[in-house]
Amino acid sequence: MSAWANWLVRRVWLIFVGIVINCSLLTVNCVCAQDYPRRPPDLDRLTQELFAEIQSDQVPVEDIYETLLNYYQAPLNLNAAGREDLRALLLLSETQITNLLRHREANGLLLSVYELQSIERFDLRTIGRILPFVAVAGGDGRAARGPLWQRILHEDNNYALLRYERVLQARQGYTPATLYQGRPTLRYLGGPDKLALRYRASHSQDFSVGFSLEKDAGEPWAWQPGQGRLGFDYFSAHLVLQARGRWKTIALGDYQLQFGQGLLLSSGFAVGKGAEVITTVRRSSVGVRPYAGLLENSFFRGGAATYQLGPRWDATAFASHRNADANLRQTQDSLAAYDEFSSGLIYTGLHRTATELANRHRLAETVGGGHLGYATANGDLAVGLIAVGTHYGTALLKRPETYNLFEFSGKNNLALGLHYSYVWRNLLLFGETARTTGGALGTVNGLLASLGSAVDAAVLLRHYPADFHSLYGNAFGENYRNINESGVYFGLKIRPAPRWEVATYYDQFSFPWLRYRVGAPSRGHDALLRLAYTPSKTTILSAQLRQRLKPRDLPTSPDFPVPLPGNYLQQSLLLYYDAALSPALEVRTRLQASRLRLDDDQAWRTGYVLAQDVAYRFGRALKLTARYAVFDADNYDVRQYVYESDVWLAVSVPALYGQGTRAYALAEIRLGKPLTLWLRYAETRYRHQATVGTGLEAIEGAVRGEVKAQLRYKF
């Protein structure tokens, strides 16, 4: 067939596909950037599909949420995206990525997002999930738009926002200072208002510039530019340029790094174990990323650059210097190696009391290193070398507890690593191995396989010795740090019928050395089974069972003053229903319950939450979202984490325990083309409690109410 005939057939096919989609996919947010105005992604549903159940406050929900919103603001160009860029979406299987790249290689650049319908394995559900985050564009749009300052001024994704939050009830930390045994009692030095000011302008594969300012509740106002306090306690800024000839990325200010499987360098954009049992097992090597968030300890500060050495090679170099929060102490032993030391870094980012302010930015941290990468033309094979060196101005020395015997100590740490990924037919092999100061070798290796059109499988093995010191890693694992852990993970996803999906995983792990509250080497497991049914493209029903067995010391008693190792068994159930009853009305129902038993001779402790959500959109000017939830949890060990809708670029995942109700209402109001206002009120009411919270956060009474307002202006 001639080239002209091929051209004609493609366009006739696209017209036909476009008619089919418009007739049968009206409720899917078609977001071809050059054809239709895009609607925001349904992050509530997407969070449910990725996580399903959040069981820890260590999950970086805020980072993941903001990264997905950044993709919405600056969509990924499907005509320029490489394999690692597509992996970073977390929404495409390896087979789908391979098919897209092969389609692009065989047929040229995509003409429209509608063309995804013609690619094998891209079903309507997959396309509907990725549409808010991708676009189709060709050529170099930067050249036609003029210099950088003009592109920033004329960029659609150019906004500033102001956010205000406050707890309405008086908390103990804000009461007038009183004397206790002749000394003032501890209290917060600032007011109860929380403020954030952010600005950002960005364009995919071009530039990102912005800054963030934040004052947490209780933090005092202060003008100390030399200490990074500009009235607000926290200040962050960045400038990132991309695709400048051979310079792939140049970053100044605050940035994140993501290479290999995250064993040495991970930006925090990692889901780990959850409802998505296949694609979230791997990590994407996306390199240097701008940082514009409000988390105060998840970034590097300085400069980084990636340079294209040749058609297949690139090199990245980075340097960072920042002052971290830490509690410094003087050595009492005259023969000790260090006169001053720190027992560890403080990651809360809160500076409200005199003690917290004294610990603010006390520890100087200097980090430098680089990455050398190679990838074949189609990206099927990619390998890379990583080097990360860290120097602390004051030595780190953990408390002299037995479980801290192999923890990092000293001022310097050097880590060297090798990572790889290889695609062969329907298989993806990936992994990373690294060596840190002291000689410990950590490794994580996995395989993703498409066993058929309806079956996907994953296997991952990991080994992180007790003396493996990866200070900035977040590779797959049970712990929130890659240390003192070995394990093997099996995941399986089956689509037995067009509207049905069964997902399951089993993770067996062990801890070779002691851990906090575990006084012996131990082992455990984590298993999940999820069944999902989508009777229509706007409705999903799912049921999930999960069981976790983890070690923990048994409570002591006068007869046994030494803790004895035991196990706690946690079982959970999740029932979820989400339906768009009309283009304007959506309802969600969630029943989440769990029970926990510490060793076989203990009684079960139980907790549950039943939540009903309603969202209604009044045209384009107003959207209302509300929830009413009832919860009952015996204690903090069986607390229930439930994701809540919040203002744009904010995340709320409260921990519910005790007995009571939780309700919130959120209004999104468009005041005009450039202005959007969000108003949110949330309230938790407890039964059988005279106070809410503890310590300086204690509230007299059984109610805690929170207000939040945010105004965004789009330039």
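Assorted remarks:
- The order of the peptides 570-579, 250-259 by mean Cβ neighbours within 10 Å, most packed first, is 250-259, 570-579.
- The Kirkwood hydrodynamic radius of region 648-715, based on inverse pair distances between different Cα atoms, is 14.1 Å.
- Here the relative contact order of region 584-677, from alpha carbon pairs under 8 Å that lie six or more residues apart, stands at 25 percent.
- Note on region 309-434: Rg/Rh from C-alpha atoms, Kirkwood Rh, equals 1.14.
- Along its three principal directions, the equivalent ellipsoid of region 223-368 from the Cα gyration tensor extends over semi-axes of 32, 20, 18 Å, largest first.
- Under 20 Å from the L385 label point (7 Å along Cα→beta-carbon), backbone N, region 414-435: 414-422, 431-435
- Per-selection metrics, region 447-582 (Cα): Rg and Dmax in Å: 19.4, 64
- Percentage of interatomic Cα-Cα distances in region 443-512 larger than 21 Å: 37
- Shape of region 82-143, Cα gyration tensor, a/c cut at 1.5: rounded
- Partners for K623 among lysines (Cα-Cα distance below 21 Å; same-chain residues under 8 apart left out): K673, K708, K714
- In the chain, the calculated helix contribution to ellipticity at 222 nm averages -3500 deg cm²/dmol per residue, counting -39,500 (n - 2.57) for every DSSP H run with n ≥ 4.
- Once the convex hull of all Cα atoms in the chain is built, its volume per residue stands at 178 Å³.
- Protection proxy ranking, highest mean first, for peptides 216-229, 66-79: 66-79, 216-229, where packing is the per-residue count of other beta-carbon atoms within 10 Å, averaged.
- Here is what passes the span test in the chain: the DSSP H helices with alpha carbon length of 24 Å or more along the helix axis and a Kyte-Doolittle mean of 1.0 or above are 3-24.
- Projected area, mean over directions - region 226-307, Cα convex hull, nm²: 7.1
- Virtual spin-label span in nm between A621 and D637, 7 Å along Cα→Cβ: 5.5
- Summary of packing: across the peptides 624-636, 271-283, 436-448, the per-residue average of other C-beta atoms within 10 Å ranks them, highest first, as 271-283, 436-448, 624-636.
Readers should treat all values here as calculations from the given coordinates under stated rules, not as data from a laboratory. Keep in mind that what you see is a predicted model, and the values were worked out from it rather than measured. As a convention, Cβ positions derive from the backbone with ideal geometry for all residues, glycine included, and neighbour counts pool all protein chains shown.
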